[in-house]
C-alpha cells in the first residue's frame, strides 16, 4: 500500500472509486482540520467535500441541534440577496455550497479548539422568590463567602412536588454546554443548619421566541411562554449536601439561542418556623465553550429555521480555507495511510492495486 502511494504520487486513487464510495471514505474522517486539508489536495477532492457538505455533516454528527439551521451567512455584510436567490443558477448554488463549507469547517474547528469556561452572562428570572432582593436569583452568580448568607430562595410550598425554575442568559447565542454545577444553600442561621436542596434537577436550553424586555425584578415569572426549548435533559438526582455538585451532560449540547433554564424538581427540606418546603441555591455555574462573537444565530425567521452567522473578522483559531494553503506531503501520506484500510473494507476482497490496474 505505502509503496503504491510513493511510486504513484500523481495518481488520484479516489477517482477510481464510485462517487458514493468516495463520499463514504471521506465521511469516515472526524477531524475538521483533516477535512479542510483534504479539500485542498485537488479540485476533485474539494468538489466531493463541498458538494456533499461533509463539514456540515460532521457538525451535525457532533451537534444534532444544528439540524434546524436553514441558512448560513458570513461577516456583517448583507447576504439577504444571496438568501433569496439560492438555486437561481449553478454559480449561485456553488457559491452557497462553498459558503456552507467555510462556515461549518470553521464551526467544527471552533467546537474543539475554543477555550472552556463559565458561560453564564446574567440571571433572567426565577419562578418564585421568597424575599426580594435579599434572596434574589442574582445571588446565585457569585460565590458565597464563609458565614455570609448569599443565596436565592423559593417561596414556601405545602406540596413538596412543586418544582422551581431558574432562567439564565448565556454569554453568547452559540454555547457548547458540557456541565452545570449547583450549590444548594445551607441555612447555618437556622436550628440544625438545614440544607435546602432539590431532589433532582433538569436542564433546558433554547432561544427566546421574541426579544426579551428587561422586566420588573419583583416579577415572579420564569417567562416560560417566551422561550422555545430545543434541548431538555434527563432528571439528575441532587444530593442534600453543602457542596458544589456537578451535573455532567452525557454529551456536550449546543445551546442555540443562549438561554438556559434549570428546573429544580421536588423539595426535601421543610422550614421549622412555617412548616413549608423550600428550595434554596447558593451558586450556579455553567461550564462550556462560548463561540461568540465568531458565531451568532438569528432565530426569529419566518420559516422557523435558524440563520447561522459567522463573523469572518474573528481570526482565531484559524484554518486553511483556500487551495493556496497547500497540504504537506507528509500530511497527504498520513491521510492516505489512514484511509486505505477503510477503502479495503468497503471494497471487500478486491485487491487495491489490481483495482487500479
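Table for the structure above
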item	result
Condition check for residue 99: closer than 22 Å to residue 190 by Cα and either in contact with a helix residue (DSSP H, G or I) (Cβ under 7 Å, 6 or more places away or on another chain) or modelled with pLDDT under 95 (or both)	no
Some residue of region 151-170 being in contact with a helix residue (DSSP H, G or I) (Cβ under 6 Å, 6 or more places away or on another chain) and over 30 Å from residue 295 (Cβ atoms)	yes
Breaking point among (1) modelled with pLDDT under 95; (2) surrounded by fewer than 17 Cβ atoms within 10 Å (Cβ to Cβ), for residue 237	(1)
Count - residues of region 254-295 that are buried (at least 18 other Cβ atoms within 10 Å of the Cβ) and either assigned to a strand (DSSP E or B) or without any contact (Cβ under 8 Å) to a residue 40 or more places away in the chain (or both)	27
Meets criteria (surrounded by fewer than 17 Cβ atoms within 10 Å (Cβ to Cβ), over 26 Å from residue 235 (Cβ atoms) and assigned by TED's automatic domain parsing to the domain that holds residue 34) for residue 134	no
Residue, nearest to the chain's Cα centre (by Cα), within region 194-218, restricted to residues that are at pLDDT 95 or above and in a loop (DSSP other than H, G, I, E, B)	197
Qualifying residue in region 172-185 (condition: buried (at least 22 other Cβ atoms within 10 Å of the Cβ), part of a loop (DSSP other than H, G, I, E, B), more than 23 Å from the chain's Cα centre (by Cα) and at pLDDT 95 or above)	yes
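The values are calculated or read from the model by the stated rules, or taken from the named source; none is laboratory data. This is a predicted model, so every value here is computed, not measured. Note that each Cβ is placed from the backbone with ideal geometry, even for glycine, and that neighbours are counted across all protein chains shown.
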